[in-house]
Amino acid sequence: MSPLAMLLAASVLTLGDPDEKWWGTFVSNGWSQPYCDSEPYDLEKVNFGCATASLLVSSEGRYVWGSRPYVLSASNGVVTLESKYEDLRVVKAGDTLKDAFLAAARLHFPSDGRMPPREFFEEPQFNSYIETCVSGGGQAGVERYIADLDASGFPCGVFMIDAGWEPCLGVFEFNGRFPAPKRLFGTIRERGWKSLVWASHFVSPDNGVFGRLRYEPHFGGLDLLCHRKADSQPAIVRWWAGASAVFDLTNPAGYRYFADALTGFTRRYGIDGIKFDAGDQPIMYADGDIRFHDEGQLSVDYIEKYGRLAAENFEYNEIRSAYNCGGLPLVLRLIDKRHTWDELRKVIPEIVAAGLCGYRFAVGDMIGGGDMWSFVPGYSVDERLFVRSCQVQALMPMMQFSLAPWRVLSAENCAICRDMAKLHVEFAPYILELAAECAKSGEPMVRAMEYAFPRQGFARRMQQFMLGDRYLVAPVTDEDDSVTVELPAGEWTDDLGVVHDGPKTIRLENVPLSRLPRFRREGMDEGR
């Protein structure tokens, strides 16, 4: 379609009531939702490093679903969507945010009842990234981390080995710094943990595999890589780890080659699953010069295939970037956070946004932050920030560590984090019950207050959330150790055993570092 034809075909939808609040589309700007003011963001070119969906849901029971990407902007609470691909329309599904979400989910991304394996929920996950990948520790470093974790008293369900194991991208074998990988994964299995290994959809262009993949004989000479439109040569795209070629997942042969290569790799070494990284820069594919095998595909279609490949081929998976993959049994991790209080305050809104985009099985970024530049030589750890970060995740569906608490914290603060990890294990029966329910219903596990308690004044950005319908969790996310808790109507029992009658606003000052404020809603079914 020519630029003029696109312009003439543009569909503009203005959601004009500033009192109607809207969530969705982007997970990684959940901190700006419900939308009030936002510069235009093109879903075809931007995803802020995490999952997206062509979905908006409102506090008034309305939703907008697009099968194609659109441009979103907002001013004074009025949201505008513009699409060059389709006519967008508003659907009235009920009266509440929950009504809108469930109607959209049932029609556009229904759940088939599958959920990630229980190990993701029952105990914390540990990722080797900060401890060994950043420092270049290789297998010896990973094995030290495993031994230290085993001796630390922290529970663990899933252990992830991050990047740095591969000789080059696209070669699914271990490099010389991992001389005995079967021993390594045997060690993980002996401890009763499940294992994941980092992988991406890129291919290093400076090795023999690159040439072999261009015309793989096994597939009759079909091209397995994305190409440039200009000269039909394999495209080299720039991303945060360098410049690489890209498996063409819109080509069934490219999809199958990549999936089979990963499956064979995991089976050879006794690995349980794959941590899928990257896929987070759609602009790499939307600049007009990339040719997919299926030329009708857009950048977001490629990213959708990446998410679906993870869900379809690996029961044990983690992914950070996907598009319109709601309803699938994906473990979604938030984009890497810096080691700052401002970044910590983004976690709750982003997990809420993930649920309202259909990604209900989500985990916050690594506790304390997963941005490697926060932990270069000479860094210092804010121990209070680390502990509060741990508490934010403790009563979410999953929690994930990378930076080792026993190495960077005092004995006292490490013990607090260990207690938070054990609190998560204590709540595991309820979390698993909730996960199974949400796998059938499609509902978020972590719920916005407005979702659970419509029209009670909660339709704004908040640093508290509901875990299912039973627990209100209000972690401390401010440096001054204070938190304001807004209780809905009803009877609530806090973590100290005090009963509160709502609606009620509670201001907690000087909250001890060992305390995670939480409230059980009375009158619910028996159980945790």
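Couple of notes before you dig in:
- Pick from the stretch 418-451, criterion free of Cβ contacts under 8 Å to residues at least 60 places away in the same chain and not charged (D, E, K, R), ranking: surrounded by the most Cβ atoms within 10 Å (Cβ to Cβ): Leu434
- When the stretch 373-416 is limited to residues that are hydroxyl-bearing (Ser, Thr, Tyr) and more than 22 Å from Phe121 (Cβ to Cβ), the one that is surrounded by the most Cβ atoms within 10 Å (Cβ to Cβ) turns out to be Ser374.
- Residue among Phe48, Phe26 that alone is out of contact with any helix residue (DSSP H, G or I) (no Cβ under 6 Å at 6 or more places or on another chain) and at pLDDT 95 or above: Phe26
- In the set (1) closer than 30 Å to Ala147 by Cα; (2) touching a helix residue (DSSP H, G or I) at 6+ places or on another chain (Cβ under 7 Å); (3) buried (at least 21 other Cβ atoms within 10 Å of the Cβ); (4) aliphatic (A, V, I, L, M), the condition left unmet by Leu196 is number (2).
- Any chance Gly270 is at negative phi and modelled with pLDDT of 85 or more: no
- Of the strands (runs of 3 or more DSSP E) that lie entirely inside the stretch 14-117, those containing 1 or more residues that are at positive phi and buried (at least 19 other Cβ atoms within 10 Å of the Cβ) span 22-26.
- The one condition in (1) assigned by TED's automatic domain parsing to the domain that holds Ser402; (2) of a type outside the set (Asp, Glu); (3) at negative phi; (4) modelled with pLDDT of 95 or more that Ser135 fails to fulfil: (4)
- Looking at Ser410, Ser441, just one residue is within 22 Å of Ile351 (Cβ to Cβ) and among the hydroxyl-bearing types (Ser, Thr, Tyr), and that residue is Ser441.
- So Ser11, is it in contact with a Phe, Trp or Tyr (Cβ under 9 Å, 6 or more places away or on another chain), buried (at least 17 other Cβ atoms within 10 Å of the Cβ), touching a residue at least 12 places away in the same chain (Cβ under 8 Å) and among the polar types (S, T, N, Q): no
- Among the candidates Glu479, Glu412, the residue that is in the same structural domain as Asp150 (by TED's automatic domain parsing) and either more than 24 Å from Ser58 (Cα to Cα) or touching a residue at least 12 places away in the same chain (Cβ under 8 Å) (or both) is uniquely Glu412.
- Some residue of the stretch 317-337 being part of a helix (DSSP H, G or I), modelled with pLDDT of 95 or more, more than 20 Å from Ile236 (Cβ to Cβ) and in contact with a helix residue (DSSP H, G or I) (Cβ under 6 Å, 6 or more places away or on another chain): no
- Phe258 being within 20 Å of Arg291 (Cα to Cα), assigned to a helix (DSSP H, G or I) and of a type in the set (A, V, I, L, M, F, W, C): yes
The values are calculated or read from the model by the stated rules, or taken from the named source; none is laboratory data. Owing to the predicted nature of the structure, the values given are computational and were not obtained by experimental measurement. Heads up, the Cβs are rebuilt from the backbone with ideal geometry, glycines too, and the neighbour counts pull from every protein chain shown.
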